[in-house]
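All of the numbers you see were taken from the coordinates with simple rules; none came from a lab. All figures in this text were calculated on a predicted structure; none of them were measured in a lab. FYI the Cβ positions are ideal-geometry reconstructions off the backbone, even for glycines, and counts take in every protein chain you see.
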Amino acid sequence: MDRQWVASWAASPSDSASVVDSSLNPTFAVANQTFRMTVSPHLGGSTLRVHLSNRYRPIPLSFERATIAKQDSGASIKPDSLRELRFEGEQSATLAAGSDLVSDPVELDVEATEQLSISVYIPGLAVFPTEHFTGNTTSFYSPPGSGDHTNTISGTPLSSSTTTMLLASGVDVLAPGSTSSLVAFGDSITDGFVGSNYYLGFPQDPSVVDRNARYPDYLQRRIDSNDLPISVVNAGISGNRVIASGLIPQYSDSMVSRLQRDVIDKAGVRDVILLGGINDLGIPIGASFEQIIAGYTNIITRLRAADIAVHLGTLLPASNALLDGVLTVPLANPVRLQINEWIRTQTLADSVVDFDAALRDQRNPDVLDPRYAGPDNLHPNPAGYEAMANAVDLTAFSGRQCE
């Protein structure tokens with residue numbers, strides 16, 4: 001049977017302003033140290049390749065060695081699973097500013113959702129590494145000046161932790177030709193962020209870290225229970241907007257700008273769930289209905305031209321949230337309702353996912369159902385993210401036709 005590369009895990013690079021993580025813990029990336037990032041693949045296999053990124057650091061990044069292994073616990077790894085990564089046959093590489101890099105294939109039997117540790121040793125300057133700001137997973141790194149620990153089994157030398165995903169941006173698996181990937185493309189609601197308070201949302205709720213409680217994670221579990229040959233990968237970035245770059249660096253380039261590299265270029269992609277626009281309405285106030293629809297049209301047209309099916313999601317209610325809600329009264333919610341009506345009646349996308357109908361309060365449809373609302377009333381809680389996954393029609397996916 002023909003085999004192809006299929007994206008199994010992804011974390012879209014957001015920025016290189018890597019000073020603190022979403023838990024407001026400082027990040028000490030300086031020099032001569034090892035970073036060990038924890039990832040959870042959605043698709044198993046025996047041949048992998050790893051994507052590293054220097055997309056947002058303004059200067060080149062050189063690393064001397066990189067490895068992949070199965071996580072044991074915390075920063076420790078299982079010794080019999082340790083594999084060295086090579087890049088065009090070499091163990092070291094230099095990434096130019098603004099570039100990404102993919103490893104050579106490596107043999108390692110991995111089950112779906114089996115935690116992996118990707119370790120990278122940077123002997124020189126490591127400041128401002130490219131990151132995915134809201135990683136929602138605990139990763140580890142050694143102190144500055146501590147040297148190469150890519151082959152170290154014990155987690156003891158990697159004594160610092162972060163919930164930001166540094167350097168690693170993807171894992172692909174060699175899979176049967178009938179297998180495809182589905183990219184969940186969006187903002188913090190796709191990213192799985194849950195705020196800890198009503199006001200600014202930060203820091204993130206620590207109870208959701210390491211739980212794989214994002215809606216794409218729940219969707220993968222539904223897909224697996226239905227034996228569909230589809231791997232769900234997450235291309236959400238917290239604070240992201242459809243038509244404009246983020247208000248701060250961590251909110252990254254617009255969805256229109258990053259569509260090619262974060263979605264279309266993903267290995268084996270056949271379907272995309274597109275959910276975005278609430279931040280265009282509220283961070284800051286100003287985007288019009290026409291502007292956002294133009295952004296959707298741009299994205300959908302390009303995806304369809306790449307033979308990728310588009311499943312367009314309605315925007316969740318947030319009128320009682322501070323950001324994207326109270327501070328935008330009376331502008332944001334009427335435009336949100338207008339956008340949702342357009343989404344439900346348009347014919348550009350292949351299908352519609354009515355997240356709004358699934359999560360809104362039936363007594364007050366302009367707010368989230370209290371059962372599904374996180375502390376900031378903008379982001380769902382884990383029960384809400386599960387309800388989002390349950391709202392997706394699995395029969396609509398193009399990838400399921402490859403069975």
Before anything else, pin down the relative contact order of the chain: Cα pairs under 8 Å, at least 6 apart, normalised by residue count, whole percent.
19
Using θ = phi - 60° and the Karplus curve 6.51 cos²θ - 1.76 cosθ + 1.60, what whole-Hz ³J(HN,Hα) does each residue of the range 180-194 get, with Gly and Pro shown as x?
9, 10, 10, 9, 8, 10, x, 10, 5, 6, 6, 5, x, 5, 10
Rounded to the nearest Å, the spacing of the alpha-carbon centers of the range 195-222 and the range 339-403 is 16
Over what distance in Å are the Cα centres of the range 113-184 and the range 30-82 separated?
4
Just to verify a number: FRET efficiency for Q338 and S146, C-beta to C-beta distance, R0 = 51 Å, to 0.05?
0.40
Virtual spin-label span in nm between R302 and D109, 7 Å along Cα→Cβ
4.2
For L108, which sequence-distant residues (separation of 5 or more, or a different chain) have an amide H within less than 5 Å of its own amide H, given hydrogens modelled in the peptide plane?
T47, L48
For the range 178-402, what is the relative contact order in percent, using Cα pairs closer than 8 Å and at least 6 residues apart in sequence?
26
For the range 178-402, what percent of Cα pairs sit more than 27 Å apart?
25
Counting other beta carbons within 10 Å of each residue's own, what order do I189, I293, I122 fall into, fewest first?
I293, I122, I189
Can you list the residues of the range 130-155 with backbone N under 14 Å from a point 7 Å past the Cα of S73, pointing along Cα to Cβ?
154-155
With Cα springs under 10 Å, the Gaussian network model of the chain assigns the largest mean-square fluctuation among P317, P382, P157 to P157
Kirkwood Rh, angstrom, the chain [1 / mean 1/r, Cα pairs]
21.1
Nothing charged except the Cβ atoms of Lys and Arg (+1) and of Asp and Glu (-1): what's the magnitude of the dipole of the chain about its Cα centre? Round to the nearest 20 debye.
280
Other-chain or far-sequence residues with amide H under 5 Å of L166's (modelled H)
H132
Between the helical axis of 215-225 and the dominant principal axis of the chain, each derived from Cα atoms, what acute angle in degrees is found, rounded to the nearest 10?
80
Mind sorting S196, S207, S22 by how few other Cβ atoms lie within 10 Å of their own Cβ, fewest first?
S207, S196, S22
Helical mean residue ellipticity (222 nm; -39500 (n - 2.57) per DSSP H run of 4+; nearest 500) of the chain
-5000 deg cm²/dmol
On the formula 1/(1 + (r/R0)^6), with r taken between the Cβ atoms of T94 and S288 and R0 of 35 Å, the FRET efficiency rounded to 0.05 is 0.20
Ranked list, fewest to most other Cβ atoms within 10 Å of each Cβ, for S14, S146, S161
S146, S161, S14
Relative contact order for the range 3-171: what is it in percent, counting Cα pairs under 8 Å that are at least 6 residues apart?
39
Honestly the range 3-171 on the Cα gyration tensor test (a ≥ b ≥ c root eigenvalues; a/c under 1.5 rounded, otherwise a/b vs b/c for prolate or oblate) is just rounded
Considering amide H positions built from the backbone, and no H for Pro or chain starts, which residues 5 or more places from D15, or on another chain, come under 5 Å of its amide H?
E131, F133
